[in-house]
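The values are calculated or read from the model by the stated rules, or taken from the named source; none is laboratory data. Please read these numbers as outputs of a predicted model, since none were measured by experiment. For neighbour counting, all protein chains shown are included, and Cβ atoms are generated from backbone atoms with ideal geometry for every residue, glycine included.
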């Protein structure tokens, strides 16, 4: 069991390092002063399934508020983190993530 | 299995947590945008449960740490510090504390439709495990009786997931999640060797979600579990209807829950509008004995009547009464009274740039 545990830890460490290396590529092209998504022109939807950008309020109602009440307020400095967290928890697409970001930062 | 039991089982090797969090922390500074400050969320609660005349107390803290690294990588973890104060026969009360990491995972956004997940993650079988287990979300204190089907042992897997959104537009949305988990009965890492996945279809206009889950246990005994869920939130009234059915090799069952926030009576912030009555009906059917699936040993029916009150400043009071009927020879029929006072918090880990 100890060997199994060691192998599991080693495997997870390798996965983590690999993910960080993968993340380093896009990270190298951005700085801490990157304008927030709300200030950027909405990215053109690449998916053939998505015909137009979705409304952020709709994305919020359909994905966040179905499970939990919305927080009464939170700092704008964590809006991007909240949206990324919801992207994982609610399986949001990139387009829906951007719509949600625009909703939090109109 | 109640989520208290769930907490007790969810443990993680400190080394894994330290590895993940340290690697994340190393990369934070150069990559953060003004809105990507790591956050701490979660809840503090005080819960009580009276079963068969015996009252237990559960002070709990359940923090969540979320830390993005650039635009593609996100670390997140949820822990629980749970106290248990229970009556002991002839010896007053006995108190214990459990500190557990519920999950700790790294998420990599590969593209718009694919997210890779590695680490110690909640198993995406059914809806309760991933969506409703946090104490600041669940309307009722106890998990459904069928929770153990498809969520063997801890409901947490050590391995990886591929998940995301296949299609999302104004007419429908299809999401998926697949997982593979290594098995371990170690005290720190407790997970089963299994694989599985889930697909859900959501219809925004009808506000209806239908999904199905599959899990295959790959331990000594190979066992399949299947499940389906239906969620519906009518557009015109603040009603939530949630239901799940799950079928395992030795048992099956279902639960149906309705929550109705009375916000249509003078608004959500009025005295009446802050109330949320809840009703849950569930049944389990035992086909053959299995001491490991965490379902009742006999056919069981249970009804829960709850009333939650949403106070200002993210504070909530949950109350519920449940009556459980069992075909067990003795001690099967019990009354369960539960209360909880919960405060939810959400704040950045540090002050970001203006």
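Tell me yes or no: at least one residue of segment B:178-197 is at pLDDT 95 or above and more than 20 Å from the chain's Cα centre (by Cα). Scanning segment B:178-197, I find no residue that is at pLDDT 95 or above and more than 20 Å from the chain's Cα centre (by Cα), so the answer is no.
I need the full set of residues from segment A:90-102 which are facing chain B (nearest Cβ under 7 Å) and surrounded by fewer than 24 Cβ atoms within 10 Å (Cβ to Cβ), in order please. Result: A:94, single match. Considered as a group, the residues in segment B:157-188 that are farther than 25 Å from residue B:230 by Cβ and crowded, with 24+ Cβ neighbours inside 10 Å include one that is nearest to the other protein chains (Cβ to nearest Cβ), and that residue is B:158.
In this structure, residue B:118 qualifies as in contact (Cβ under 8 Å) with a residue 40 or more places away in the chain and surrounded by fewer than 23 Cβ atoms within 10 Å (Cβ to Cβ).
For segment B:327-344, the set of residues classified as more than 9 Å from chain A (Cβ to nearest Cβ) and modelled with pLDDT of 90 or more consists of B:334, B:335, B:336, B:337, B:338, B:339, B:340, B:341, B:342, B:343, listed by residue number. The set of residues in segment B:207-253 being without any contact (Cβ under 8 Å) to a residue 12 or more places away in the chain and within 14 Å of chain A (Cβ to nearest Cβ) consists of B:236 alone. Being assigned to a loop (DSSP other than H, G, I, E, B), at pLDDT 90 or above and within 20 Å of residue B:319 (Cβ to Cβ) is the requirement here; does residue B:262 meet it? It is true that residue B:262 is assigned to a loop (DSSP other than H, G, I, E, B), at pLDDT 90 or above and within 20 Å of residue B:319 (Cβ to Cβ). None of B:41, B:56 is assigned to a strand (DSSP E or B), within 11 Å of chain A (Cβ to nearest Cβ) and surrounded by fewer than 24 Cβ atoms within 10 Å (Cβ to Cβ) except B:41.
Sort out which residues of segment A:63-81 are surrounded by fewer than 22 Cβ atoms within 10 Å (Cβ to Cβ), within 8 Å of another protein chain (Cβ to nearest Cβ) and touching a helix residue (DSSP H, G or I) at 6+ places or on another chain (Cβ under 9 Å), and write them in order of number.
A:66, A:67, A:68, A:71, A:74, A:76
When you look at residue B:259, is it more than 29 Å from residue B:172 (Cα to Cα), in contact (Cβ under 8 Å) with a residue 40 or more places away in the chain and either away from chain A (no Cβ under 14 Å) or crowded, with 18+ Cβ neighbours inside 10 Å (or both), yes or no? Taking the combined requirement at face value, the residue does not satisfy it. Let me spell it out: the conditions are (1) surrounded by fewer than 21 Cβ atoms within 10 Å (Cβ to Cβ); (2) out of contact with any helix residue (DSSP H, G or I) (no Cβ under 8 Å at 6 or more places or on another chain), and residue B:252 meets all of them except one. Which number is the exception? It is condition (2) that residue B:252 fails.
The residues in segment B:67-82 that are surrounded by fewer than 24 Cβ atoms within 10 Å (Cβ to Cβ), within 7 Å of chain A (Cβ to nearest Cβ) and touching a strand residue (DSSP E or B) at 6+ places or on another chain (Cβ under 7 Å) can be counted, and the count is 1. The number of residues in segment B:284-317 being in contact (Cβ under 8 Å) with a residue 40 or more places away in the chain, away from chain A (no Cβ under 14 Å) and on the phi < 0 side of the Ramachandran plot comes to 10.
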